[in-house]
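Here is the structure we will look at.
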Amino acid sequence: MPTHQKRALVTGGAGLIGSHITDLLIANGYTVRILDNLEPNTHKHGKPAWVNPQAEFVQGEVQDAATMRAALQGIDIVFHEAAYGGYMPEMAKYVLVNSFGTAQMLEIIRDEKLPVRKVVVASSQAVYSEGAALCPQHGHVVPAIRSVEQLRSGDFAVHCPLCGKPTTSIPTPATTVSAQTAASDSSTSAASRCCRSMCAAHLLRWCAQQLTDASMRCAT
């Protein structure tokens with residue numbers, strides 16, 4: 001029997017990270033659908049030339065329920081890279097796209113019982129301020145964001161919050177305490193929490209169902 005070719009949805013697939021994910025998926029035998037709104041601030045000239053021509057391309061908004069519902073049809077795995085980013089004063093748009101868009105996507109998958117097996121959600125470095133760092137004296141530290149005054153003085157180093165010495169950047173674990181400084185950071189962090197909450201709720205529901213099934217088998 002022929003094996004099922006896995007189908008992936010990459011939201012924000014015209015972006016830097018999303019386009020590379022698309023290329024990697026196609027190289028590994030996936031059928032890929034891209035959903036991207038081609039935000040003018042990012043894509044001034046429309047769909048960029050680097051979008052893989054082997055992927056199905058759908059232009060639309062992740063916060064539009066009908067568009068997202070159609071994009072999810074027949075999909076096995078979602079790589080959710082779409083987000084409104086930057087430091088513009090459009091708080092409502094950040095929440096609508098990043099927080100609401102993600103929550104609605106999860107609800108569509110749940111409510112319509114779609115056969116999506118996995119959702120991989122991107123976060124943002126900005127959620128963790130300057131990220132984790134290694135201080136020669138205090139080890140692993142999480143410095144605060146560099147001040148405007150520091151940058152204006154020509155000092156671009158990330159300093160240890162305990163001793164003030166320059167640090168070296170290291171990988172930032174997901175357990176790092178977040179330090180959002182803009183609406184884009186807060187809305188992205190909220191999207192991640194939505195995913196964790198949904199996963200926890202489904203895991204509890206699955207465990208309860210397994211116990212119920214086991215009890216019924218024992219009773220018979």
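Observations on the model:
- Counting the residues of segment 28-40 that are farther than 15 Å from V51 by Cβ and of a type outside the set (S, T, N, Q) gives 3.
- Where a residue in segment 75-88 is assigned by TED's automatic domain parsing to the domain that holds I109 and among the acidic types (D, E) and its partner, wherever it lies, is at pLDDT 80 or above and surrounded by fewer than 17 Cβ atoms within 10 Å (Cβ to Cβ), with Cβ under 8 Å and at least six apart: D76/K6; D76/P115; D76/R117; D76/K118; E81/I17
- The residues in segment 93-140 that are within 14 Å of the chain's Cα centre (by Cα) and among the basic types (K, R) can be counted, and the count is 1.
- Which numbered condition T11 misses (of (1) more than 17 Å from D76 (Cα to Cα); (2) modelled with pLDDT of 95 or more; (3) among the polar types (S, T, N, Q)): (1)
- Check on D64, under 19 Å from the mean Cα position of the chain (by Cα) and without any contact (Cβ under 8 Å) to a residue 40 or more places away in the chain: yes
The values are calculated or read from the model by the stated rules, or taken from the named source; none is laboratory data. Note that the structure is predicted; figures quoted are calculated from it, not measured. Heads up, the Cβs are rebuilt from the backbone with ideal geometry, glycines too, and the neighbour counts pull from every protein chain shown.
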